[in-house]
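Taking it in order: structure first as structure tokens, then the write-up.
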Amino acid sequence: MTKTNFTAKKEEWYFENYIQGTVFEFGPLEVDETEVLEFALRYDPQPFHIDHEAAKKSPYEGIIASGWQTCSFVMRALVDNYFSPVSSLGSPGIDELRWILPVRPGDKLMVRATIIETKRSRSKPDRGIVRTFIETINQQEDLVMSFRSVNFMLCRESSSSDNAD
């Protein structure tokens, strides 16, 4: 695995900068208890997310962050460190989302993004498709969440003769 950062500023990255096999790591992302409780109260008010006493009696033995909040933490890290504002065109979705271990207040998370495939679009030659395996790892180096993302990125130069979708 090659850990790297692009040499160009993120604002200058295009599809051509996303190279298969490249690995990016960013963090730590600190999990704040107040944020965990506020998010859960608003979006996922299950007892093990919002009630200390109920959470102690749950299989988790304490408050844990909603998996959806963990996704939000990771999304913010990807926007800040991986998706370029000049080329990112969004995503049609993610695959194989797994919440492997609970995320707890006080955890420090690291995000690892491994580019697993890139290809130019045949039907829209101004863009390419970047497939990335995303891993979220806690301070004990335990994998807590993973998923595969598909993203569309503008190409620096349009070409209809490259690999296609």
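Can you give the charge dipole size of the chain about its Cα centre, rounded to the nearest 20 debye, using +1 on the beta carbon of Lys and Arg and -1 on the beta carbon of Asp and Glu?
Working: 19 positive and 25 negative charges, 117 e Å.
Dipole size: approximately 560 debye.
Mind checking Rg over Rh on the chain, alpha carbons, Kirkwood formula for Rh?
Numbers: Rg = 18.0 Å, Rh = 17.1 Å.
Expressed as Rg/Rh, it is 1.06.
Using 0.36 nm times the number of residues separating Ser72 and Glu117, minus their current alpha carbon distance, what extension gain do you get? Show your work: numbers first, answer last.
Numbers: separation 45, 0.36 × 45 = 16.20 nm, distance 2.36 nm.
Here the answer is 13.8 nm.
To the nearest 10 degrees, how steeply does helix 33-43 sit against the main Cα axis of the chain, on a 0 to 90 scale?
80 degrees
Checking the cross-link filter: which aspartates and glutamates have an alpha carbon closer than 13 Å to that of Lys119, excluding same-chain neighbours under 8 positions apart?
Counting by Cα, and skipping residues close in sequence, Lys119 has these aspartates and glutamates nearby: Glu16, Asp162, Asp165.
Residue by residue, what Karplus-based ³J(HN,Hα) values in Hz, rounded to whole numbers, does the stretch 131-142 have, using 6.51, -1.76 and 1.60 with θ = phi - 60° and x for Gly and Pro?
9, 10, 9, 10, 10, 10, 10, 8, 5, 8, 6, 8
Full extension from Asp44 to Glu25: what is 0.36 nm times the residue separation minus their Cα-Cα distance, to one decimal in nm?
4.0 nm
For the stretch 50-126, which GluC sites (Glu not before Pro) are in a loop by DSSP, counting at most 13 other Cβ atoms within 10 Å?
Sites meeting the loop and neighbour criteria: Glu61.
Ranked highest first by the average count of other Cβ atoms within 10 Å around their residues, in what order do 141-149, 41-49 fall?
Details: 141-149: 16.7, 41-49: 14.9.
Ranked from most to least packed, the peptides come out as 141-149, 41-49.
For the chain, give the share of DSSP beta bridges that are antiparallel, in percent and rounded to the nearest 5; count only bridges with both residues there.
Numbers: 33 of 35 bridges.
Around 95 percent of the beta bridges assigned by DSSP in the chain are antiparallel ones.
Does anyone have the angle between helix 67-81 and the longest principal axis of the chain? Alpha-carbon axes, 0 to 90°, nearest 10?
40 degrees
Bear in mind that the values in this text are calculations on the coordinates, not laboratory data. Computed from a prediction, not measured in an experiment: that's the story for all the values here. We place every Cβ from the backbone using ideal geometry, glycine too, and count neighbours over all the protein chains shown.
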